[in-house]
Structures are given as structure tokens and as C-alpha cells.
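Asks: This is the structure, below, for whatever I ask next.
Taken together, the values in this text are just the output of simple stated rules run on the coordinates, not laboratory data. Computed from a predicted structure; not experimentally measured. Cβ coordinates were reconstructed from backbone atoms using ideal geometry, including for glycine residues, and neighbour counts include every protein chain displayed.
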Amino acid sequence: MKPPATRTRPAADRTQGRPAGARPPGEPRRVAYLYVLPALLVYAAFLLWPLLHGAYLSLFHWDGLSVGTWAGLGNYTQAISDPHLRGTFWHAAVLVFFYAVLPCCIAFLLVAVMSRSRPRGLTFFRTVLFLPQVVAMVAVAVAWQWIYSEHGPVNGTLRLVGLGGLARGWLGDFTWALPSVGLIGTWAEIGLAMVLFLAGVQKIPRELYEAARVDGAGAVREFFAVTLPGLRRELSVALTLTIIAALRNFDLIYLTTGGGPGDATRVPAYEVYNRTFNTGEVGLACAIGIMIAVVVFAVTAGVGRLVEGRS
Amino acid sequence: MRKPFVVLTAALVAVSAACAPGSGGGKPKTPAPGAVGTDVAKAGPVTLTVWDQEVLGGQNEQMQRLNAAFHAKYPNVTIKRVSRSFSDLEKTLRLALSGGNPPDVVEANQGYGIMAALVKAGALMPLDPYEQAYGFRKRFPAGLTQLNSVSAGGKAIGSGSLYGVAMTGEAVGIYYNTDKLAKLGLKPPATWAEFEQDLATAKGRGETPIYLANLEKFPGIHEFGVLLGQTTGKDKLRDLVFGRGGAWTDPSVVQAAQKLADWAKKGYFPAGVNAAKYNDSPAPFAKGDGVFLIGGPWFAADLQKKMGDKVRYILPPPAQAGGAPAATLGGPGLPLAITARSKHPDVAAAYLNFMTGPQAMDVVTQTGGLAALPPPSAQPTSAVGRDLAAAWKTASDKDILVPYLDYSTTTFLDTLGGVLQEIIAGRRTARQGMQDAQRDYAAFLAKR
């Protein structure tokens, strides 16, 4: 392996043969801030300011109406110590598996197959697999509610093959509701991961595959030696996007289970909504929101580091 | 680059920490009883902004007709109506009332979540100053005004000043499918024992005794409430919900939860009970899934459309035939309330008076609603409508209504609803479940 190329040349090298004080070409100039300003203003007004204001509100006990009282970090300790709220973060972790890990594994499998043999109608399959990304989440939720319902196709199929004993109302079952919702996410995210990987595979030089084959590598070996290393960047992007989708999942839970049965499918993002609008604990909701943001930042940084080897 | 950012953040925090959220806007004043006016015609041209959620079925027509009638009576008053669905209205109300230009009259749901929170924030005006002029309290039975009352500072519901008046009523009762009963050779149950016997008979003959769709958690509260009405007296239940005494772990409460667990275990509810959507209930019930359906007037229009006179309604039957009716859940519908910062409180009070007057009760009945007070001339047209009206009259006259159990705490809908789902699924025993509910309840009372 070559050592990574340094982006900037040593300073001594750059200033050689120039009068003192003159700016070398490519060095940042202050006027650049002016160019950034319009976008920065919009970003600040619609993202930074709400983020800061949310962080500020999270330090109060506030019902959204009457005067709030100072809480310090009380809302954060409550979010961590309350077993119900702590449970929501655990549920989010389970969803990360279904939203990110599982789709990426399945997408890899599909891509590995497609990169070895080009099946007929590839464009068609690609489109079909990407389709869930295009359909509105509300439609997805309503459709899956029916699929999982007592008289829906999942139970119908089970009964058909003589496994009627396993049939149940999946979204109302304490054990199965969370995995059931998670699988909807898997279904939706496979397409995204696959399209990213397919694009990446096309960049990998054919010679590498040929070399691997000449060296006698089988399909599995070829995948781990050539395809996987070649897709590190795509994997990083796919994981980042899907993990964020998992952590901020609100719409699907709201539409399919409302957090039930019991607390079985409660997730942090749902609690942000619930505590703000239903129970009037705006400060606590903001604290949970900030915690989600922190977790998302941490995970994004972690994925970049682990998968891409960035430091 | 990093340093100015830190300074900016620090400055922002310093500026914003100076004022707690929600501290903007002055406190409005309540008029003294002598200072109120009742002569609307003298008020000059007034635009009254009214927010309601009467959008389903005949409710929309009801509001349009009544608003037009009020305008015809007082041509100087123009009503600007803003109607939204129930959940949209309740969720935007907080923002609207804390904003600079609030509506004059709003429909604010009872309980700690909305009405008490609005009172605590000083956003609603008590109706006490208008009592002498309009007699809002005298108009309704005590049980109904209690639910629209909040004590000073929003501390407790069930007592204190009156803040709202409702045009409609709600009582949770039992719908039954007449075809199914006839097929099973049964009569509408006259006693609770007969009802339970009917459930067993229906189950034995392969029918679903009670249709229940409990995905959203709250529906099971209606079943539980009806059972509580049998095991626990109305006064004790009211004390419990209003936080005046008692516990959810009391023997009679656990007994009702145990009965719910028994029903579920015996298969009295359909398979997948916790997975089916509540709002879809009328369709399967009309198709014959379920002999009985426990619910309030909100199902009546849909059921009547699908089943005609094959659907009827009774209050939960008493312990003895012809005996005193058992307590059940219910109360006034969504109440109309006056906002504290309304510029025309006198006109708004006259509007509330009109909307709960005799003419309004006729219009409510004609448009298919369950009028809160007996309508002077109109009569419901369908059999189930007449059942509901008769049941409502009994419920008001005998004062048997107990508030919805989820009014107990701000989080009780989730807590109790979730507990009931667990009890129905057999994951927790009745006692364990009620201990969970009591924990939430005790924590709320301690904080209050």
C-alpha cells in the first residue's frame, strides 16, 4: 500500500520565489466568506437556529403554553433513567439492524450475483427494487398494515402451507411488532443500498476481477477480495443514509402501530412527537431530539471512520 | 473560524436564558360579573372567530346552520369559522392560543392535556361572570358541568370554575346486531348477568361475542370502563379519575381488569384484537364479526348506514332487571370555550348561550347528532338514534356518567391503554397491570 498523498505541499515550497505578503494561488481569501454567506444564512435560519433553540428549550420544564421553569439537565437525566424512554433507544438500535445492516447484506448479495453474471432484464429488476424508495411512506404504511393484518396475505400464506398456528395480527403482537415494522424498513432500504452498490461495482476495473479469476478465486473469494474493498465508499454512504433513516424513523411507527402494542414499537423520534403534542412535555421532547441528533452525529462519524478508514 | 462561533453561541444562550419559554404576552383580565354585557346587537360590527372540529357526518351541516342562524339573529356579528379534524385542532390549539391573535371561541377537549393546560396558562376565560345572565351551570346536570370545570391554576379537573359548554353528549354503551341475536335465539340483555350469559352462548355457537379493534391502545379503555361501571360505584370512579382518592390497585378495580383478562382468555374478542384499527370497526361488525360492539355515539351514523335498523344500542345493563343503571364512561362532547384574550367576550358568551339553547339542540338532532340537552321538537329518525337519545336521557337524569379514564393523568391514555393491551394479550396479570397504572397515577398526583 502506498502512503496517502498529502493534500498540501510544505509551506517552504509554496512561498519560494514570491515577494513576502503576496498570496499564493489557491490559498483561501476572505472574500470567500461572502460567497458562502447566502447559503449560510439560510442554513443558519432554518437549521442552526432551530437546533440551538431546541437545545435551549431542552433545559426547561415547559408545557408549550405556560411559563417554563428551569430544569438544567433534568430532562436529559429523565430521558436516560426512565425505563420507558430508555427502551425507545433500544428499539431504535433494533431498527438500525433492520434498516441498515440487513438491507446492506441483502444488497451485497444481489450485487455480487449481478456483477458475476448479468441477468436478463437487469434494468427492470433494478427499477423494481428501487421503487419502495419512491413510494410515499404513508402509502407504504397503509399497504403493509393490510399485508400484516389478521386476514392479510402473510397470514393467508401461512395458513395455505399449513402453518396456520403461526398466523397472528403481526403489528399487534408484543414480540413480533418491532421486527415486522423493521422488515418494512428493510424492504424500503434494499433498493437504495443496491443502486449505490451497483454504481460502485461498475467503477471497479474489470482487470481486478480477471486477475482474481486467474489466481483461482471462487465467487466468495472474489467478493471479499475485490468487490467489497472496491465498495467501501458506497457502503459508507449507504450505511450512513440507512442508519439515519432508522434513527429518525417516525412516520412508519406513527402510521402503523402508534408505538404499540404497549411500548413494543416506541422509538425516540415518536416520543419527540408524543411528548410535545400529546403530553405537553416540550422540554423533555427537545432533550430526546437533541439526544437523537448527538447519536446520529456519532454514528455518522463512526461509520466514516470504520468503513472508509477516514480519521 | 471556531472562536466567533463559540462567542456567538454564548451570546445567544445568554440572551435567551434571560427569558423562560412562554413568558411573552401579558396576562388577560377576567371581567367582573357586573361588567358583562348581554346585548349583542349593541356591540357594533363584530367578527367572531370560532375554531371547531365538527367535520364528520352531519356535524359540518350542524355548525353551518347554527352559525347562519346566529348571524340572522344578530346581523352585526359575522362568524369566521375555522374547522379542522379533532387531532389537528387539538394539536394546533396550543400554538394558536399562545400566539398574538387567538380565535374568540375554541373547542377545547376536557382533561389535563388540553383544557387544564390552557387554564393553567391563562388562555381560557371562566364562564362564571356570565352565570347570572345565562345560567350555564343550571342548564346541565352536575355530572356534565364537572367535566368542563377546572380549579384555579389548572391544578385539578372536576371542580372549580366552568370553562366550557358542550352541544352534544357521549355515553359508552353496547351496540348489538339484531340478526345475530335472533339467530342465537337471544333477547337484548336486561341484566349484566344475562349479558355475560349471551357472550358465552355466542362463543359456544362460533360467533365473535364482542368486536374490538385495539391497535391504538385507547379503545380497550371503553371495555374496561364498562366493566369498572359494574364493579365500582360512580362516585368512587369519579374520585379516582379526578385524583380525589382511591387507587387503581383497589380490589374492585383489579376485579374489573381481571374480568377483561377472562374475556380475552375465553376468546370473547376477535383474533388479532390488538392489531386491528379502531376506526375500521363498523365495517367488520356490520359484516357480522361480533354480536356486540362497545362504543359511543361516534359509531352510530356509520353503523346505521351499513346495517339500517339491524343495529341497536343499549346502556350497559344494570345488575338487576329494572334496577338502577350501572355507571358508564361518557360526558359532554367537545366543549366550546372562550379564549382569555378574545376582544369580544360578551358576544362570544352570547354565542355559547345560543349554541346550547333549544334551537341548537333541535338542529343537532336533525343533523344526526346526540344533543346534550333534550331537543324541544326534533326527534332522531333512525332506531339506533332513538336508542341513543333515550340512553342519553337516562344517563343525564340518573347522573351515571363517569369521565373517560385517560383524563386521570397527562400520560394515562398511553399507560392505561398499553396496560390493557398487555392484559388482553395475557402478558401481564390484572394485578401487575394495575400496579403499572397506579405507578403513573401516583407520580402524576405527586407532581401536581
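Asks: Starting from the coordinates of the alpha-carbon atoms of the stretch A:48-90, obtain the Kirkwood hydrodynamic radius over all distinct pairs and give the value in Å to one decimal. Working shown, then result.
Replies: Details: mean 1/r = 0.0875 Å⁻¹.
About 11.4 Å for the stretch A:48-90.
Asks: Under a 10 Å cutoff between Cα atoms, tell me which one of A:Ala246, A:Ala298, A:Ala107 has the largest fluctuation in the Gaussian network model of chain A.
Replies: So, out of A:Ala246, A:Ala298, A:Ala107, the one fluctuating most is A:Ala298.
Asks: Here's a follow-up. If r is the Cβ-Cβ distance from B:Thr429 to B:Arg137 and R0 is 30 Å, what FRET efficiency results, to the nearest 0.05? Don't skip to the answer; put the middle values down first.
Replies: Values: r = 43 Å, r/R0 = 1.45.
Calculated transfer efficiency: 0.10.
Asks: Taking a cut-off of 15 Å between Cα atoms, list the aspartates and glutamates near B:Lys73, but don't count ones fewer than 8 places away on the same chain.
Replies: Cα-Cα hits under 15 Å: B:Asp39.
Asks: Once the dipole of chain B is set up with Lys and Arg at +1 and Asp and Glu at -1 on Cβ about the Cα centre, which of B:Ser149, B:Leu118, B:Gln366 lies farthest towards its positive end?
Replies: Checked the options; the winner is B:Leu118.
Asks: Which distance in nm do the two modelled labels at B:Ala152 and A:Gln202 give, with both placed 7 Å along the Cα-to-Cβ direction?
Replies: Between B:Ala152 and A:Gln202, the simple spin-label model gives 7.5 nm.
Asks: What whole-number value in cubic angstrom gives the convex hull volume per residue for the C-alpha atoms of chain B? Don't skip to the answer; put the middle values down first.
Replies: Working: hull volume 77.5 nm³, N = 448.
Residue-normalised Cα hull volume stands at 173 Å³.
Asks: Give the distance, in whole Å, between the Cα centre of the stretch B:69-130 and the Cα centre of the stretch B:387-448.
Replies: Answer, in whole Å: 27.
Asks: To continue, here is another question. Pick from B:Leu303, B:Leu336, B:Leu181 the residue whose mean-square fluctuation is largest in a GNM of chain B, springs joining Cα atoms under 10 Å.
Replies: Result for chain B, Cα springs under 10 Å: B:Leu181 fluctuates most.
Asks: Another one. Taking every pair of alpha-carbon atoms in the protein assembly as shown, what share in percent sits in each 10 Å bin, from 0 to the bin with the longest distance?
Replies: It works out to 2, 11, 19, 21, 18, 13, 7, 4, 2, 1, 0, 0, in whole percents.
Asks: Net charge near B:Met307: determine it from the other residues with C-beta under 12 Å of the C-beta of B:Met307, scoring Lys and Arg +1 and Asp and Glu -1. Before the final figure, lay out the partial values.
Replies: Working: positive: B:Lys180, B:Lys287, B:Lys305, B:Lys306, B:Lys310, B:Arg312; negative: B:Asp179, B:Asp302, B:Asp309.
Computed value for this residue: +3.
Asks: Moving on to the next point. When only DSSP loop residues count, what trypsin sites (Lys or Arg not before Pro) in the stretch A:71-170 have their Cβ near at most 14 other Cβ atoms within 10 Å?
Replies: On the way: sites: A:Arg86, A:Arg116, A:Arg120, A:Arg126, A:Arg159, A:Arg168; in loops: A:Arg120, A:Arg168.
Here the trypsin sites (Lys or Arg not before Pro) that fit, given the DSSP loop and packing criteria, are A:Arg120.
Asks: Would you mind computing the Rg to Rh ratio of the stretch A:92-268 from its alpha-carbon coordinates, Kirkwood style for Rh? All intermediate terms of the calculation are to be shown ahead of the outcome.
Replies: On the way: Rg = 18.7 Å, Rh = 17.8 Å.
Value, to two decimals: 1.05.
Asks: How would you rank A:Met137, B:Met434, going from fewest to most other Cβ atoms within 10 Å of each one's own Cβ? Write down the numbers at each step before the final one.
Replies: Values: A:Met137 16, B:Met434 25.
Fewest-to-most Cβ neighbours within 10 Å comes out as A:Met137, B:Met434.
Asks: Is it possible to state the helix-based mean residue ellipticity at 222 nm for chain B, with each DSSP H run of 4+ residues giving -39500 (n - 2.57), the sum divided by total residues, to the nearest 500 deg cm²/dmol? What is it?
Replies: Rounded to the nearest 500, the figure is -13000 deg cm²/dmol.
Asks: Near A:Thr242, within a Cβ-to-Cβ distance under 13 Å, what is the net charge of the other residues, with Lys and Arg +1 and Asp and Glu -1?
Replies: On the way: positive: A:Arg248; negative: A:Glu189, A:Glu234.
Neighbour charge sum, excluding A:Thr242 itself: -1.
Asks: Next question, about the same structure. So if I place +1 on the C-beta of Lys and Arg and -1 on the C-beta of Asp and Glu, and nothing else carries charge, what would the dipole magnitude of the stretch A:92-268 be about its Cα centre? I want it in debye, nearest 20. Spell out each step's value before the answer.
Replies: Details: 14 positive and 10 negative charges, 86 e Å.
Using Cβ point charges on Lys, Arg, Asp and Glu, the stretch A:92-268 gives about 420 debye.
Asks: Moving on. With just the Cα atoms defining each centre, how far is the stretch A:280-309 from the stretch A:72-98? Give it in Å.
Replies: Cα centroid of the stretch A:280-309 versus Cα centroid of the stretch A:72-98: 12 Å apart.
Asks: Within 10 Å of each residue's Cβ, count the other Cβ atoms and sort B:Tyr441, A:Tyr35 from fewest upward. Provide the component values of the computation, followed by the final result.
Replies: Details: B:Tyr441 24, A:Tyr35 10.
Arranged by neighbour count, lowest to highest, B:Tyr441, A:Tyr35 become A:Tyr35, B:Tyr441.
Asks: Per-residue mean of other chain beta-carbon atoms within 10 angstrom of the beta-carbon, peptide A:158-169?
Replies: Values: counts 0, 0, 0, 0, 0, 0, 0, 0, 0, 2, 4, 10.
Per residue, the number of nearby Cβ atoms from other chains is 1 on average.
Asks: What FRET efficiency do you get for B:Arg244 and A:Asp215 if R0 is 56 Å and r is their Cβ-Cβ distance, rounded to the nearest 0.05? If you can, show how the numbers build up before the last one.
Replies: Numbers: r = 82 Å, r/R0 = 1.47.
FRET efficiency, B:Arg244 to A:Asp215: 0.10.
Asks: Next up: Please state the equivalent ellipsoid semi-axes for the stretch A:149-221: what are the square roots of 5 times the Cα gyration tensor eigenvalues, largest first, in whole Å?
Replies: 42, 16, 10
Asks: Would you mind listing how long chain A runs along its three principal axes, going by Cα atoms, in whole Å with the largest first?
Replies: Here the spans come out as 80, 67, 32 Å, largest first.
Asks: Enumerate by residue number the trypsin sites (Lys or Arg not before Pro) in the stretch A:175-282 meeting two conditions: DSSP loop (anything except H, G, I, E, B), and at most 10 other Cβ atoms within 10 Å of the site's Cβ. Kindly include the intermediate steps, with their values, before the conclusion.
Replies: Values: sites: A:Lys203, A:Arg206, A:Arg213, A:Arg221, A:Arg232, A:Arg233, A:Arg248, A:Arg266, A:Arg275; in loops: A:Lys203, A:Arg248, A:Arg266.
For trypsin sites (Lys or Arg not before Pro) across the stretch A:175-282 that sit outside H, G, I, E and B with at most 10 neighbouring Cβ atoms in 10 Å, the list reads A:Lys203.
Asks: I've got another one for you. Report the rotationally averaged projected area of the stretch B:337-448 based on its alpha-carbon convex hull, in square nanometres.
Replies: The orientation-averaged projected area of the Cα hull of the stretch B:337-448 comes to 11.2 nm².
Asks: Using a Gaussian network model on chain B with a 10 Å cutoff between Cα atoms, which of B:Leu56, B:Leu215, B:Leu118 fluctuates the most?
Replies: Residue with maximal mean-square fluctuation among B:Leu56, B:Leu215, B:Leu118: B:Leu56.
Asks: Next up: Going through the stretch B:177-263, which trypsin sites (Lys or Arg not before Pro) have at most 14 other Cβ atoms within 10 Å and a DSSP loop state? Intermediate values should be presented prior to the final figure.
Replies: Working: sites: B:Lys180, B:Lys183, B:Lys203, B:Arg205, B:Lys217, B:Lys234, B:Lys236, B:Arg238, B:Arg244, B:Lys259; in loops: B:Arg205, B:Lys217, B:Arg244.
Passing sites in the stretch B:177-263 are B:Arg205, B:Arg244.
Asks: Moving on. Using a cut-off of 12 Å between beta-carbons, work out the net charge of the residues near A:Trp146 (Lys and Arg +1, Asp and Glu -1, A:Trp146 not included).
Replies: Numbers: positive: B:Lys277; negative: A:Glu150, B:Asp280.
For residues surrounding A:Trp146, the net value is -1.
Asks: Please report the spacing between the Cα centers of the stretch A:223-255 and the stretch B:225-284 in Å, no decimals.
Replies: 44
Asks: A follow-up question, please. Using just the alpha carbons, could you tell me how many Å³ per residue the convex hull of the stretch B:384-448 encloses? Walk me through the numbers before you get to the answer.
Replies: On the way: hull volume 8.3 nm³, N = 65.
Normalising the Cα hull of the stretch B:384-448 by residue number yields 128 Å³.
Asks: How far apart, in nm, are two points set 7 Å out from the Cα along the Cα-to-Cβ line at A:Phe46 and at A:Val296?
Replies: For the pair A:Phe46/A:Val296, the computed spacing is 1.5 nm.
Asks: Under 1.5 on a/c is rounded, so check that first for the stretch B:144-218, then, if it is not, pick prolate when a/b is larger than b/c and oblate when it is not; a ≥ b ≥ c are the square roots of the alpha carbon gyration tensor eigenvalues. Show your work: numbers first, answer last.
Replies: On the way: a/c = 3.48, a/b = 2.81, b/c = 1.24.
Because a/c hits 1.5 or more and a/b exceeds b/c, the stretch B:144-218 counts as prolate.
Asks: Right, something else. Provide the FRET efficiency to the nearest 0.05 for the B:Thr47-B:Ser85 pair, computing r from the beta carbons and using R0 = 22 Å. Let's see the in-between values first.
Replies: Numbers: r = 24 Å, r/R0 = 1.09.
Approximately 0.40, to the nearest 0.05.
Asks: Straight-line reach from B:Lys236: which lysines have a Cα under 25 Å away, not including same-chain ones fewer than 8 places off?
Replies: B:Lys138, B:Lys155, B:Lys217, B:Lys259, B:Lys393, B:Lys398, B:Lys447
Asks: Taking every DSSP beta bridge with both residues inside the protein assembly as shown, roughly what % is antiparallel (nearest 5)? Please report the intermediate quantities before stating the final value.
Replies: On the way: 23 of 36 bridges.
So the antiparallel bridges amount to about 65 percent of the total.
Asks: Related question: For labels at A:Ile147 and B:Lys447 in the simple 7 Å Cα→Cβ model, what's the distance in nm?
Replies: 3.8
Asks: Treat the count of other C-beta atoms within 10 Å as a stand-in for reagent exposure and order A:Ile253, A:Ile106 from fewest to most. Let's see the in-between values first.
Replies: Details: A:Ile253 24, A:Ile106 17.
Final ranking by Cβ density, sparse to dense: A:Ile106, A:Ile253.
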